[in-house]
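Colleague: If you scroll down you'll find the structure; I have some questions about it.
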Amino acid sequence: MGKILELESVFAGYNDEVILKDISFEIFDDDFIGIIGPNGGGKTTLLNVILGLIKPYKGSVVFFDDIRSDRNNKVGYLPQQNKIDKKFPIKVKEVVLSGLIYGSAFLGRYSKTEKQKAEDTLKRLGICDIKDTTIGELSGGQMQKVLLARAIVSSPRLLILDEPNTFVDNQFEGELYEILKELNKEMAIVIVSHDVGTISSYIKTIACVNRNLHYHKSNKITEEQLTIYNCPIKLITHGDVPHTVLKQHQH
Amino acid sequence: MILELLQYKFILNSLLAGVLASISCGIIGTYIVTRRMVFLSGGITHSSFGGIGIGYYLGLNPIITAAIFGVLSAFGIEFISKRSAIREDSVIGILWSFGMAIGIMFIFLTPGYAPNLMSYLFGSILTVSTLDILLMSGLSIVLILVFSIFYRIIVFVSYDQEFARTHKIAVSLVNYVLIGLVALTIVLNIKVVGIILVISLLTIPQSTANLFTKNFKNIIIGSIVIGLIGAFLGLVISYKINIPSGASIIFSLVMIFLIAKSFQVIKRYFNLKNQKM
């Protein structure tokens, strides 16, 4: 199992305000990490550091090469849906294909291999029938699958999802986690969620971010742990989605 | 009437200007509309008036100084809004009025009467010079080249900048190049419809085309065609009843939009009716 990424004593934030303090964190192949924590605690900041969208004030972010594959430094990213302009005139297949553009390779057209890759990814997620649809006509769940297709079409070594369970219904949420479980055989997954209940049965480990980071090497968290780590999150499970039974707690 | 008109060089020039304006505005307008940069473009338009004032004061061609001024304020808006704590729309508002103020100051400081000032405010396609035509042709060629060679990346970055950044794409470079082209398109089309009306050439054809197609490339092509019809109709109306061409072009464009919109509404109504039966 290779190491993909290592953060060492990272301090980061925006406009000179430090949000993340002294974070050290490692991600390995096969990992399925759930990042939880209160709003404003720095979940998104941590994602932005990993994605290279912001530079840390202090500390280092190092990606490790995998000698067995050419997927190095490739990170698949699924942003929060509300960051996407749904009126933008673009078709589903164009969105998915755009996930293949990397670095300076932006001249010209998509090759036959690339088109095939996009087609395969659409088939895999069961959304081949909407490939010519404009994104404005999609439902929340369909849109999420399209964005997931864009994130994984380049076969990244690491997949990062920012609140994928917002704007979708419970049934889709269950379906999404099943897909992720399947994908986890090929890539490491990091998922950010404010709603720990439903994800806790799928993830392997939990990281709690509240300015600092507390990494639990298990997917079970107890109320005591939450209190100790000062991690005020809600422990609620929804619907009939399979879930790990969490410790009894008072609401 | 048309044959009789074509005998005059200025009529030929203005028709050519109409064609070139439709091409450049069709392309850049689609970028502006899909990226929701209409207010920003309004800011660049009005701040370029500062360049026109400076041009008058220094005795240079106002279009050249406006182009420099417009591109610099566009870069300024892009730079300040991304880096500082000031909100982007506030930055636009400040530069919008600052440019106008500079323009008014320099025009009043210029001794004597400012000729053609009205043509910059309201446009005068009939007084388009050969230099204007050359500049507009150059711009159209550059835009066609940039948008065909870099089409993929322009759409990619416009759709989701953050995602493009995670794919190590030079998003800032793309943004700066395109906002520079936006400024140049605005300034070079000021002669056609004027500062006050130029924003409409960048939005009305696009909104009309967008009624019928939801594809970036088709919106560009549709906007160019609609722009051409609007420019031609506007010129004819302007000639017939002797009013400024800028106003008659915009009037024609809005009429085309309204006709297209009602056509769509009626079509939808009948489709619904048929489904019920």
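Just so it is clear, none of the values below were taken in a lab; they were calculated from the coordinates. Note that this is a predicted model, so its numbers are computed, not measured. Every residue, glycine among them, receives a Cβ derived from its backbone with ideal geometry; neighbour counts consider all protein chains shown.
Colleague: Checking the structure you have, find out if any residue of the range B:77-97 is surrounded by 19 or more Cβ atoms within 10 Å (Cβ to Cβ), away from every other protein chain (no Cβ under 14 Å), hydroxyl-bearing (Ser, Thr, Tyr) and touching a helix residue (DSSP H, G or I) at 6+ places or on another chain (Cβ under 8 Å).
Modeller: Here is the first cut: in the range B:77-97, the ones surrounded by 19 or more Cβ atoms within 10 Å (Cβ to Cβ) are B:77-78, B:91-92, B:95-96.
Applying the additional criterion that residues be away from every other protein chain (no Cβ under 14 Å) yields B:77-78, B:91-92, B:95-96.
If we keep only those that are hydroxyl-bearing (Ser, Thr, Tyr) too, we end up with none.
Scanning the range B:77-97, I find no residue that is surrounded by 19 or more Cβ atoms within 10 Å (Cβ to Cβ), away from every other protein chain (no Cβ under 14 Å), hydroxyl-bearing (Ser, Thr, Tyr) and touching a helix residue (DSSP H, G or I) at 6+ places or on another chain (Cβ under 8 Å), so the answer is no.
Colleague: May I ask you to verify whether B:Val33 is within 14 Å of chain A (Cβ to nearest Cβ), in contact (Cβ under 8 Å) with a residue 60 or more places away in the chain and of a type in the set (A, V, I, L, M)? I'd like the intermediate steps shown before the answer.
Modeller: Values: within 14 Å of chain A (Cβ to nearest Cβ): yes; in contact (Cβ under 8 Å) with a residue 60 or more places away in the chain: yes; of a type in the set (A, V, I, L, M): yes.
Considered against the rule, which asks whether it is within 14 Å of chain A (Cβ to nearest Cβ), in contact (Cβ under 8 Å) with a residue 60 or more places away in the chain and of a type in the set (A, V, I, L, M), B:Val33 comes out as yes.
Colleague: Would you list the strands (runs of 3 or more DSSP E) that sit entirely within the range A:1-101 and hold 2 or more residues that are under 17 Å from the mean Cα position of the chain (by Cα) and more than 15 Å from A:Ile191 (Cα to Cα)?
Modeller: Values: elements: A:3-14, A:17-28, A:32-36, A:58-63, A:75-78.
Where strands (runs of 3 or more DSSP E) fall fully within the range A:1-101 and carry at least 2 residues being under 17 Å from the mean Cα position of the chain (by Cα) and more than 15 Å from A:Ile191 (Cα to Cα), they are A:3-14.
Colleague: Scan the range B:215-224 and tell me whether some residue there is assigned to a loop (DSSP other than H, G, I, E, B), within 14 Å of chain A (Cβ to nearest Cβ) and within 30 Å of B:Ser158 (Cα to Cα). So that I can check it myself, show each step before the final result.
Modeller: Filtering the range B:215-224 for residues assigned to a loop (DSSP other than H, G, I, E, B) gives B:215.
So of that shortlist, the ones also within 14 Å of chain A (Cβ to nearest Cβ) come out as B:215.
Now drop any that are not within 30 Å of B:Ser158 (Cα to Cα), which leaves B:215.
Yes, that holds for at least one residue.
Colleague: Restricting to the range B:170-200, give me the number of residues that are in a loop (DSSP other than H, G, I, E, B) and either surrounded by 22 or more Cβ atoms within 10 Å (Cβ to Cβ) or within 19 Å of the chain's Cα centre (by Cα) (or both).
Modeller: Initial filter on the range B:170-200 (in a loop (DSSP other than H, G, I, E, B)): B:170, B:189, B:194-197.
Still in the running and either surrounded by 22 or more Cβ atoms within 10 Å (Cβ to Cβ) or within 19 Å of the chain's Cα centre (by Cα) (or both): B:189, B:194-197.
Qualifying residue count for the region: 5.
Residues are listed down the side, and each one gets a yes or a no for (1) under 14 Å from B:Phe216 (Cα atoms); (2) within 9 Å of another protein chain (Cβ to nearest Cβ):
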residue	(1), (2)
B:Arg152	yes, yes
B:Val155	yes, yes
B:Asp160	no, yes
B:Val171	no, no
B:Leu178	no, no
B:Ala183	no, no
B:Ile186	no, no
B:Ile190	no, no
B:Val193	no, no
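Colleague: Related question: Considering only residues that are within 14 Å of another protein chain (Cβ to nearest Cβ) and either surrounded by 17 or more Cβ atoms within 10 Å (Cβ to Cβ) or small (Gly, Ala, Ser) (or both), which ones fall in the range A:125-143? Let's see the steps before the verdict.
Modeller: Filtering the range A:125-143 for residues within 14 Å of another protein chain (Cβ to nearest Cβ) gives A:130-138, A:143.
Once the filter is applied, which keeps residues that are within 14 Å of another protein chain (Cβ to nearest Cβ) and either surrounded by 17 or more Cβ atoms within 10 Å (Cβ to Cβ) or small (Gly, Ala, Ser) (or both), the range A:125-143 yields A:Ile130, A:Lys131, A:Thr134, A:Ile135, A:Gly136, A:Leu138, A:Met143.
To keep it simple, each residue is scored yes or no on (1) on the phi < 0 side of the Ramachandran plot; (2) in a loop (DSSP other than H, G, I, E, B); (3) without any contact (Cβ under 8 Å) to a residue 60 or more places away in the chain.
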| site | (1), (2), (3) |
| --- | --- |
| B:Leu95 | yes, no, yes |
| B:Met100 | yes, no, yes |
| B:Ile107 | yes, no, yes |
| B:Tyr113 | yes, yes, yes |
| B:Asp132 | yes, no, no |
| B:Met136 | yes, no, no |
| B:Ser140 | yes, no, no |
| B:Phe147 | yes, no, no |
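Colleague: Here is a further query. Name the single residue, out of those in the range A:4-19 being touching a Leu at 6+ places or on another chain (Cβ under 8 Å) and free of Cβ contacts under 8 Å to residues at least 60 places away in the same chain, that is nearest to the other protein chains (Cβ to nearest Cβ).
Modeller: Residues of the range A:4-19 that are touching a Leu at 6+ places or on another chain (Cβ under 8 Å), as a first pass: A:4-5, A:10-13.
The next check asks that each one be free of Cβ contacts under 8 Å to residues at least 60 places away in the same chain; those that pass are A:10-13.
Values: A:Val10: 18, A:Phe11: 20, A:Ala12: 16, A:Gly13: 14 Å.
Looking at residues that are touching a Leu at 6+ places or on another chain (Cβ under 8 Å) and free of Cβ contacts under 8 Å to residues at least 60 places away in the same chain, I get A:Gly13.
Colleague: Looking at this structure, is A:Leu122 within 13 Å of chain B (Cβ to nearest Cβ) and either among the aliphatic types (A, V, I, L, M) or at positive phi (or both)?
Modeller: Values: within 13 Å of chain B (Cβ to nearest Cβ): no; either among the aliphatic types (A, V, I, L, M) or at positive phi (or both): yes.
Answer is no for this residue.
Colleague: Next question. Pairs needed: first member in the range A:47-58, facing another protein chain (nearest Cβ under 10 Å); second member anywhere, among the aromatic types (Phe, Trp, Tyr) and surrounded by 16 or more Cβ atoms within 10 Å (Cβ to Cβ); C-beta distance under 8 Å; at least 6 residues apart or different chains.
Modeller: Once the first residue is facing another protein chain (nearest Cβ under 10 Å) and sits in the range A:47-58, its partners that are among the aromatic types (Phe, Trp, Tyr) and surrounded by 16 or more Cβ atoms within 10 Å (Cβ to Cβ) give A:Leu51/A:Tyr77.
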